[in-house]
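The next block holds one structure in the form of structure tokens; read it before the comments.
The values are calculated or read from the model by the stated rules, or taken from the named source; none is laboratory data. This one's a predicted model, so the numbers in the text were calculated from it and none came from an experiment. A quick note on method: Cβ atoms are made from the backbone with ideal geometry, for glycine too, and the neighbour counts reach across all protein chains shown.
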Amino acid sequence: MKRQGCREWIVGLAALVALGAASPATAAEKTLEIGVLGPLSGGAAAYGVELVRGAEMRADEINKAGGLKVGGDVYRIKLITYDHKASAADAATAANKLVFQDKVKYIIGNAVGATCNAVQTVTEPQKVMFAFVCWGTKNLGPDKPYSFRSMLSQWEAAEPFYRWMKEKRPNIKKVAVISPNDTSGLDTNTAVVKAAKGLGFDVVADETYERGTKDFYPILTKMLAKKPDLLDVAAAPPGEAGLILKQAVELGFKGAKGWTAGVNPATLINVAGQEAAEGVWSPVNVNVKSDFVDPKVRKFGEEYEKRYKEVPGVIAVANYGAFDVFTKAMQEAGSVETEKVLAALTSRPYDTVWGKLVIGAKETYGIDRQFLYPVVISEIRGGKAVDIEQVLPAALKALKK
Amino acid sequence: MPIELLVQALLNGFALALVYVLVALGLTLIFSILEIINFAHGEFYMLGGYATYFGFALFGLPYFPTLLLAIVVVGLAGVVAERMIFRHLRGKTLNAFIVSLGLLWVLQSGAQLSFGVLDKSVPSAFSGIIRAGGIIISVERFVVVLAAVGLIAVLYAFLQWSRVGRAMRAVAQDADGAALQGVNIEFVSMLGFAIGCALAGAAGGLLAPVFAVSPAMGALPVVKAFIIIIVGGMGSLPGAVLGGLLLGTVEGIGSLFFGSAAVNVLGFLMVIAVLLVRPRGLFGVA
Amino acid sequence: MLPSPALRRALTGYGLLAVASLGLPLVTRDSYYVDVATTILMNLVLTMSLRLEMSTGQLNMAHISFLGIGAYASTLLVMRGGYSFWVTLWLAGLAAAAFAVPIGSLALRVTGPYYFLISFAFSEVVRLIFNNFFVGWFGGPSGLVQIPKPDPLRLPGVELTFVSKVELYYLMAVLLLLAAAVLVRVDYSRFGLLANAIRQGDLLAETLGVWVFRYKLTAFVLGSFMAGLAGAFFAHSHQVLHSSDFGLEPMVLLVVFTVIGGTGSVWGPVVGTVTLTIVSEFMREFHYYEILLYGGVLILAMLLVPEGLISVPGRLARLWRRRPGAETMGVGVAP
């Protein structure tokens, strides 16, 4: 009795499996697995989460439109995401898993300086395309042809920012800059100091702090004693930048405020309070609601907010844009093989969410691997970031000529 | 170096250190009663911050009642943690350390998943700036200092003069002896843990408007708390206050001359120096 | 003379370790698995040596700093001094041991939670030095990159270039087996017995004539030497060094592995490290929930198995002996 029932079960099961296997997969439908890495927990989680969401939005859009058509095939995009907890060793292991187990050939998205270098030890030998937002000069170079930075770094932003300041706000002579004391922070300070000094500004303070600091009174007391005209919170993340400005105002600072690496004005305004955030200039942040950005960015912002209930920062847009560029290059190359796609990626402008985008910056890194798009200077007025000017990075400017 | 700058630096250092003293007191209380080091202590600070955020920023309740509510909520969370987890680990310092680490991860991730990763700001309950000579302190911070001092005084009074408080001190000195005298160890442990967590929660609630809240906000205060109680001596209330003042001095003055990394090193060097001279901390009990 | 069962246990344990570690590449050559396995082996050196130090009753939170000292020492000697990895490997261990002497001498003056915290203070000082000072040497917050792999080794009949993961794996396996041999030998020797006595009560041991401080320091220096060796391997296999690799987070993981495995036996860390690494890799699939679940695992493990995983077979055996119907004569029954 029992045995018979068992046999029926097995037959039924086998039928189901057979059905499943024969289900509507068109002859050329394939899956393209793309990896995303980032810190999804701990203090830097905001960056990782934005990376993943930016990727998700583009992947979902492509899939909903029927998939990515490359050559004669249609690919369904599948994202594989891992949390590297801001640890370089963990990032290397996660990258190993992505490359050797999950067999991805594209890792689009990573943040936190040291982890990028660690991931590169895995991706470069295996010719895996790697796009990240990590800052620092060590992670792009002719010896790393498969690595790209999808977001403007301090090197691309500092010079146009301070050039604009010199031309349009000539009353600023003395500059004080502060960043966290990690790779991004130190590099940013270096870039800012270099740009500022090169343009004739007097850099009166160049300070760094330990990430996670909340009390900036001591360091601000020291900096403000030098009476700067401009306080640049450079590479401080939104929460900390907000605190620095709030406390600076409490300590009596009445000068101009800059945020060379500002990536999320909403949080800064929230934390600093309207008064302290008033007048903050930023060349890198993207206000997805402003009039100066491409309408596609605004649309992205609206959909992101609808889906995730939080306003996106530049990292989400950058990763979304990176997805854009790579998938377009795949289509141009007619293949998903990274060598061919690499050859198809050129310096001619791409049409992306940012508007026109160019891959360049050979003069800084020795190879064109930096995404360049217009720098929009924004100023926070009345609790909102208002774009006031568009400045082109030197490389983009040269191209337009 | 103008004298005002020095005084301002000292003031900055002290104001913040006092709040960290609250956190440290909670930690040392738990250690003295249960003999465990609760690595997750910073997460109760974080919970206090979020509780204040919800009450004050979202529901618009007035600040001080919200703070009291936050203290109670975090205290209750402490009771739950003690009953379910730490009660079984009395005296097992190493295991408690691992468990508290697990709890830290659970609470921090839980907060991130529930509240989101971005910093949330809490509006200032008090605005304005007080100036005296060239010295500046915001009203907000001044209130924080007063509240911290008040809480420390209340704790001291409780431990010195109330029956339960004396029972706690008895257990801290000698649990077996106290049990023989008829003290209910279970109850005292539970209450002690709850009060310890409540102190951390109070600190979190006090600093929420000053610094904003985020899931990882508990990481730094707990390290400062450790420095304070080691320097002051584990299990000693006056030690914790003194340790806090020392840390405030070192960090406040240090920041004038050195960069932040060096200041952090100074804090740790202070710990090492004190321990080498007095292996139990300044006022530590054996 | 050692009782036979103990010696048998020691040799069996070691034998299993040797077979498992040397045999793994025969089972799989998948890069990811080999990579994870290599990390496990390296962590085994670290946790087993940590356990040696803990066997005298002290939790050394600066253990990871010696991994770092070894790593940076070997890197600098190779990249600036032009030495061969095969020399710097041992120099790294010696460098770590050299620093361990003063640090240990100072730290071991205190005990219990004070030792825990003073060692933590030392570890933060070291980490901050790596991160912010002597930037020309240590690379500051950017760290060091492009560290070369170990120099090729010419053995009779074969040349190992250490470009492939499998070759690096075997290198680590050999290092582990060397370290484990020393640690097992020490544990089952007089030193092990004395360490046990010290852990159970410093004062008591002292009254019995044991030079407590010396034993603790020896354990500390030996453990640090091994961490230094592991550090050299770490540097030249990862090729990237950053101060965060030697901070609180990785140290805490080592402690977790060791305690969950069980500090009572020299094999405890082996069980803990292998089990938890596999569990955490498996949990990578859960991304946002990974840390949450891991925390839950820790809490449950410590509450359910306070002596560590290594005690599970013992407990099961005792339960088995007590089952209804089993012969109970001689098992705790008074004559």
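Assorted remarks:
To keep it simple, each residue is scored yes or no on (1) in contact with a helix residue (DSSP H, G or I) (Cβ under 8 Å, 6 or more places away or on another chain); (2) surrounded by 18 or more Cβ atoms within 10 Å (Cβ to Cβ); (3) modelled with pLDDT under 85.
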site: A:ALA318; (1), (2), (3): yes, yes, no
site: A:GLU339; (1), (2), (3): no, no, no
site: A:LEU372; (1), (2), (3): yes, yes, no
site: A:LEU392; (1), (2), (3): yes, no, yes
site: A:LYS397; (1), (2), (3): no, no, yes
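- Leading residue by the ranking (farthest from the other protein chains (Cβ to nearest Cβ)) among those in the range A:237-265 that are buried (at least 23 other Cβ atoms within 10 Å of the Cβ), touching a residue at least 40 places away in the same chain (Cβ under 8 Å) and in contact with a strand residue (DSSP E or B) (Cβ under 6 Å, 6 or more places away or on another chain): A:GLY258
- Flag for A:SER335 being modelled with pLDDT of 75 or more, touching a strand residue (DSSP E or B) at 6+ places or on another chain (Cβ under 8 Å), farther than 20 Å from A:ARG169 by Cβ and among the polar types (S, T, N, Q): yes
- Looking across the range B:76-88, the residues that are in a helix (DSSP H, G or I) and either among the basic types (Lys, Arg) or surrounded by fewer than 22 Cβ atoms within 10 Å (Cβ to Cβ) (or both) come down to B:LEU76, B:ALA77, B:VAL79, B:VAL80, B:ARG83, B:MET84, B:ARG87, B:HIS88.
- Figure legend. Inter-residue proximity from the range C:256-272: first residues part of a loop (DSSP other than H, G, I, E, B), second residues of a type outside the set (A, V, I, L, M, F, W, C), beta-carbon distance below 6 Å, spacing 6+ or different chains. Indicated pairs: C:GLY262/C:GLY268; C:GLY262/C:GLU307; C:GLY262/C:GLY308; C:GLY262/C:SER311; C:THR263/C:ARG51; C:VAL266/C:ASP187; C:TRP267/C:GLY13.
- Number of residues in the range C:131-160 that are closer than 19 Å to A:ASN181 by Cβ, of a type outside the set (A, V, I, L, M), more than 14 Å from chain B (Cβ to nearest Cβ) and under 26 Å from the mean Cα position of the chain (by Cα) equals 1.
- Extreme residue, farthest from the other protein chains (Cβ to nearest Cβ), among residues of the range B:106-116 that are surrounded by fewer than 24 Cβ atoms within 10 Å (Cβ to Cβ) and closer than 18 Å to B:LEU220 by Cα: B:ALA111
- Top-ranked residue of the range C:1-60 - restricted to ones that are part of a helix (DSSP H, G or I), without any contact (Cβ under 8 Å) to a residue 60 or more places away in the chain and within 14 Å of chain A (Cβ to nearest Cβ), ranked as farthest from C:LEU175 (Cα to Cα): C:TYR32
- From the list A:THR190, A:THR213, A:THR208, the lone residue that is away from chain B (no Cβ under 14 Å), within 29 Å of A:VAL119 (Cβ to Cβ), β-branched (Val, Ile, Thr) and free of Cβ contacts under 8 Å to residues at least 40 places away in the same chain is A:THR190.
- Apart from one condition, B:GLY116 fits all of (1) at positive phi; (2) at pLDDT 90 or above; the exception is (2).
- Residue check, A:GLY141 surrounded by fewer than 22 Cβ atoms within 10 Å (Cβ to Cβ) and either within 14 Å of chain C (Cβ to nearest Cβ) or in contact with a His (Cβ under 8 Å, 6 or more places away or on another chain) (or both): yes
- Any hit, the range A:191-211, residues being part of a loop (DSSP other than H, G, I, E, B), among the aliphatic types (A, V, I, L, M) and over 25 Å from C:ASN132 (Cβ atoms): yes
- The residue pairs whose first member lies in the range B:11-39 and is assigned to a loop (DSSP other than H, G, I, E, B), whose second member is buried (at least 24 other Cβ atoms within 10 Å of the Cβ) and among the hydroxyl-bearing types (Ser, Thr, Tyr), and whose beta carbons are closer than 9 Å, counting only pairs six or more residues apart or on different chains, are B:ILE36/B:SER100; B:ILE37/B:SER100; B:ASN38/B:SER100; B:PHE39/B:SER100.
To keep it simple, each residue is scored yes or no on (1) among the β-branched types (Val, Ile, Thr); (2) in a loop (DSSP other than H, G, I, E, B); (3) facing chain C (nearest Cβ under 9 Å); (4) buried (at least 24 other Cβ atoms within 10 Å of the Cβ).
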| residue | (1), (2), (3), (4) |
| --- | --- |
| A:ALA86 | no, yes, yes, yes |
| A:LYS127 | no, yes, no, no |
| A:LEU152 | no, yes, no, yes |
| A:PHE161 | no, no, no, yes |
| A:GLU167 | no, no, no, no |
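- Test: residue in the range B:54-69 that is touching a Pro at 6+ places or on another chain (Cβ under 9 Å), without any contact (Cβ under 8 Å) to a residue 24 or more places away in the chain, in a helix (DSSP H, G or I) and within 27 Å of A:PRO238 (Cβ to Cβ): yes
- Highlighted here are the helices (runs of 4 or more DSSP H) found entirely within the range B:129-244 that include at least 1 residues which are crowded, with 22+ Cβ neighbours inside 10 Å: B:139-161, B:163-173, B:185-211, B:219-232.
- Qualifying residue in the range C:53-67 (condition: more than 16 Å from the chain's Cα centre (by Cα) and charged (D, E, K, R)): no
- Residue in the range A:168-185 that is free of Cβ contacts under 8 Å to residues at least 40 places away in the same chain and either within 21 Å of the chain's Cα centre (by Cα) or farther than 27 Å from A:VAL376 by Cα (or both) present: yes
- The range C:84-105, residues that are surrounded by fewer than 16 Cβ atoms within 10 Å (Cβ to Cβ) and within 14 Å of chain B (Cβ to nearest Cβ): C:PRO102, C:SER105
- Which numbered condition A:ALA114 fails, given (1) without any contact (Cβ under 8 Å) to a residue 60 or more places away in the chain; (2) facing chain C (nearest Cβ under 9 Å); (3) within 15 Å of A:PRO39 (Cβ to Cβ): (1)
- Those residues of the range A:25-51 which are over 19 Å from A:LYS103 (Cα atoms), β-branched (Val, Ile, Thr) and under 17 Å from the mean Cα position of the chain (by Cα), in sequence order: A:VAL49
- Residues located in the range A:266-281, provided they are at pLDDT below 85 and either more than 12 Å from every other protein chain (Cβ to nearest Cβ) or surrounded by 24 or more Cβ atoms within 10 Å (Cβ to Cβ) (or both): A:THR267, A:LEU268, A:VAL271, A:ALA272
- Some residue of the range C:230-240 being more than 11 Å from every other protein chain (Cβ to nearest Cβ) and under 14 Å from C:THR47 (Cα atoms): yes
For (1) hydroxyl-bearing (Ser, Thr, Tyr); (2) at pLDDT below 80; (3) over 24 Å from the mean Cα position of the chain (by Cα); (4) under 25 Å from C:VAL270 (Cβ atoms), each residue gets a yes or a no:
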{"position": "C:MET283", "(1), (2), (3), (4)": "no, no, no, yes"}
{"position": "C:GLY296", "(1), (2), (3), (4)": "no, no, no, yes"}
{"position": "C:LEU303", "(1), (2), (3), (4)": "no, no, no, yes"}
{"position": "C:LEU319", "(1), (2), (3), (4)": "no, no, yes, yes"}
{"position": "C:VAL331", "(1), (2), (3), (4)": "no, yes, yes, no"}
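- Extreme residue, nearest to the other protein chains (Cβ to nearest Cβ), among residues of the range A:169-187 that are closer than 20 Å to A:THR364 by Cβ and assigned to a strand (DSSP E or B): A:SER179
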